[in-house]
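Trainee: Please read through the structure below; I'll follow up with questions.
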Amino acid sequence: MPTVRVDLGERSYDVVVEKGLLADAGRAILSAGLSGKAAIITDSNVAEFHGPTLLNALTEAGFSASMHCIPAGESSKSMSLAEDLCAELADSGHDRRSFIVALGGGVVGDLAGFVASIFYRGVPFVQIPTTIVAQVDSSVGGKTGVNLPQGKNLLGAFHQPALVLVDPDVLQSLPDREYREGYAEVIKHAAIRDAAMVQEIAKLDPDSREVPAELIARNIAIKARIVEADEHETKGLRALLNLGHTIGHGIEAAVPYGSMLHGEAISLGLRAALFLSLKHAGLSKDDSDAVLELLRLFRLPLLLDDSITTERVLEKLGRDKKFEAGNIRFVLMNRLGDAFVSKDVSRQDLADAIEHLRSPDGDR
């Protein structure tokens with residue numbers, strides 16, 4: 001089975017990728033040295049498909065477990081729901097010796113990880129991601145958090161998981177739209193660190209649910225190496241993972257939570273980042289077209305609806321954590337597999353890039 005080690009000293013952990021792993025999660029968690037009572041946090045969609053399997057796996061391994069279900073959707077990433085979950089855990093008899101298992105996509109992982117960071121001043125947690133976005137990106141790295149009306153993830157903490165278990169088989173249950181959006185993060189990883197992966201992604205069938213475990217592990221390894229070098233995003237390297245995310249997050253925050261999926265917003269953000277990379281970083285049109293072609297392959301959006309105003313997006317991204325004292329840090333590409341953080345992108349550049357997203361997808 002592909003296993004990626006995230007080497008962070010005392011906070012090191014393994015990311016295990018294996019088909020059918022969910023049914024063996026209890027044994028894997030036991031082998032990782034966790035003990036105590038388990039609190040499964042999941043959402044109303046995932047609970048139906050995968051909750052019983054995980055609960056049975058934990059029980060068979062000798063764990064006492066409770067399940068806590070939140071409404072599916074981005075609106076659940078709120079401080080009020082985090083507080084409700086903490087109260088629910090306390091009422092269920094959980095304490096500092098318990099651990100949390102996040103079973104779900106990025107919303108569940110971010111929220112459950114945040115709860116784990118604050119419950120009894122911090123308890124261990126395990127990530128079991130059930131979407132491509134979560135498997136290749138958000139489950140690894142220790143970023144947890146909830147949203148404010150002013151923007152995404154403005155409240156949160158760095159809290160590394162004790163273990164990440166990735167079962168590619170769980171992707172079979174995803175609706176088409178939720179499945180395809182995950183490839184925005186896969187394409188992003190190829191763009192910033194692995195140009196050879198572009199050709200491998202291009203060979204995939206966007207309608208198949210057979211995602212090679214090796215491809216998932218390869219994406220996780222990219223994220224792991226960057227996190228190891230810049231765990232708390234203080235050196236600038238971890239910011240490379242934000243390619244497409246500055247404008248993408250602004251777009252995502254400019255519409256009602258949940259009306260646009262994360263990967264869909266990031267697809268638009270990637271197109272904007274390519275536009276600015278052509279202008280400021282000398283990116284070739286061929287390299288830009290290669291990324292755009294992958295986004296088209298997975299039928300990800302490349303055209304911004306006129307109802308989402310440029311001023312609204314700028315307002316939202318101005319509150320983004322990627323701004324330092326009002327200065328813009330924007331990730332650009334020199335070439336496929338090579339990205340850097342630029343301070344040469346102006347507010348007018350951002351506005352131009354957002355307006356570019358309204359033009360027909362004619363970048364071929």
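The values are calculated or read from the model by the stated rules, or taken from the named source; none is laboratory data. Computed from a prediction, not measured in an experiment: that's the story for all the values here. Note: ideal-geometry Cβ built from the backbone for every residue, glycine included; neighbour counts use all protein chains shown.
Trainee: Among the helices (runs of 4 or more DSSP H) contained in segment 247-364, which hold 1 or more residues that are under 16 Å from Glu185 (Cα atoms)?
Mentor: The helices (runs of 4 or more DSSP H) meeting that bar are 262-280, 285-297.
Trainee: Give the residues of segment 209-230 that are in a loop (DSSP other than H, G, I, E, B) and under 21 Å from Val291 (Cβ atoms), sorted by residue number.
Mentor: Val211, Pro212
Trainee: Which of the following residues is β-branched (Val, Ile, Thr), in contact (Cβ under 8 Å) with a residue 24 or more places away in the chain, touching a Ser or Thr at 6+ places or on another chain (Cβ under 6 Å) and assigned to a helix (DSSP H, G or I): Val136, Val170?
Mentor: Val170
Trainee: Quick one: in segment 175-202, of everything that is assigned to a loop (DSSP other than H, G, I, E, B) and modelled with pLDDT of 95 or more, which residue is nearest to Asp286 (Cα to Cα)?
Mentor: Only one residue fits best here, namely Ala195.
Trainee: Just to be sure I understand the filter: pairs with C-beta atoms under 7 Å, separated by 6 or more residues or on different chains, first member in segment 276-292 and farther than 22 Å from Ile328 by Cβ and assigned by TED's automatic domain parsing to the domain that holds Leu350, second member among the β-branched types (Val, Ile, Thr) and assigned to a helix (DSSP H, G or I). Which pairs pass?
Mentor: Pairs that qualify, where the first residue is farther than 22 Å from Ile328 by Cβ and assigned by TED's automatic domain parsing to the domain that holds Leu350 and the partner is among the β-branched types (Val, Ile, Thr) and assigned to a helix (DSSP H, G or I), are Ala290/Val198.
Trainee: Of all residues in segment 38-92, which are in contact (Cβ under 8 Å) with a residue 60 or more places away in the chain, out of contact with any Leu (no Cβ under 8 Å at 6 or more places or on another chain) and crowded, with 19+ Cβ neighbours inside 10 Å?
Mentor: Asp43, Glu74
Trainee: Okay, moving on. Here's a check for you: in segment 139-161, which residue that is touching a residue at least 60 places away in the same chain (Cβ under 8 Å) and among the β-branched types (Val, Ile, Thr) is farthest from His232 (Cα to Cα)?
Mentor: Val146
Trainee: A further question follows. So for segment 98-117 (the condition being out of contact with any Ser or Thr (no Cβ under 7 Å at 6 or more places or on another chain) and without any contact (Cβ under 8 Å) to a residue 24 or more places away in the chain), does at least one residue qualify?
Mentor: no
Trainee: Let me ask another. Can you pull out the residues in segment 217-258 that are touching a strand residue (DSSP E or B) at 6+ places or on another chain (Cβ under 9 Å) and of a type in the set (S, T, N, Q)?
Mentor: Of everything in segment 217-258, those that are touching a strand residue (DSSP E or B) at 6+ places or on another chain (Cβ under 9 Å) and of a type in the set (S, T, N, Q) turn out to be Asn242, Thr246.
Trainee: Next question, about the same structure. Within segment 184-192, does at least one residue satisfy the condition of being at negative phi, among the basic types (Lys, Arg) and in the same structural domain as Gly9 (by TED's automatic domain parsing)?
Mentor: no
Trainee: Something else about it: Are any residues in segment 313-334 of a type in the set (A, V, I, L, M) and either within 12 Å of His249 (Cα to Cα) or modelled with pLDDT under 90 (or both), and if so, which ones?
Mentor: Those that are of a type in the set (A, V, I, L, M) and either within 12 Å of His249 (Cα to Cα) or modelled with pLDDT under 90 (or both): Val313, Leu314, Leu317, Ala325, Ile328.
Yes/no per residue for (1) more than 22 Å from Val136 (Cα to Cα); (2) among the aliphatic types (A, V, I, L, M); (3) assigned by TED's automatic domain parsing to the domain that holds Asn147; (4) under 19 Å from the mean Cα position of the chain (by Cα):
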site: Glu264; (1), (2), (3), (4): no, no, no, yes
site: Leu294; (1), (2), (3), (4): no, yes, no, yes
site: Leu300; (1), (2), (3), (4): no, yes, no, yes
site: Lys316; (1), (2), (3), (4): yes, no, no, no
site: Asp344; (1), (2), (3), (4): yes, no, no, no
site: Asp349; (1), (2), (3), (4): yes, no, no, no
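Trainee: Give segment 165-184 a look and list any residue that's of a type in the set (Gly, Ala, Ser) and crowded, with 21+ Cβ neighbours inside 10 Å, or say none.
Mentor: Gly182, Ala184
Trainee: State all residues of segment 99-118 that are buried (at least 22 other Cβ atoms within 10 Å of the Cβ) and part of a helix (DSSP H, G or I); if no residue qualifies, say none.
Mentor: Gly106, Val107, Val108, Gly109, Asp110, Leu111, Ala112, Gly113, Phe114, Val115, Ala116 - these are the residues of segment 99-118 that are buried (at least 22 other Cβ atoms within 10 Å of the Cβ) and part of a helix (DSSP H, G or I).
Trainee: Then there's this: Among the helices (runs of 4 or more DSSP H) confined wholly to segment 1-98, which include 3 or more residues that are under 21 Å from Val166 (Cβ atoms)?
Mentor: 25-31, 46-60
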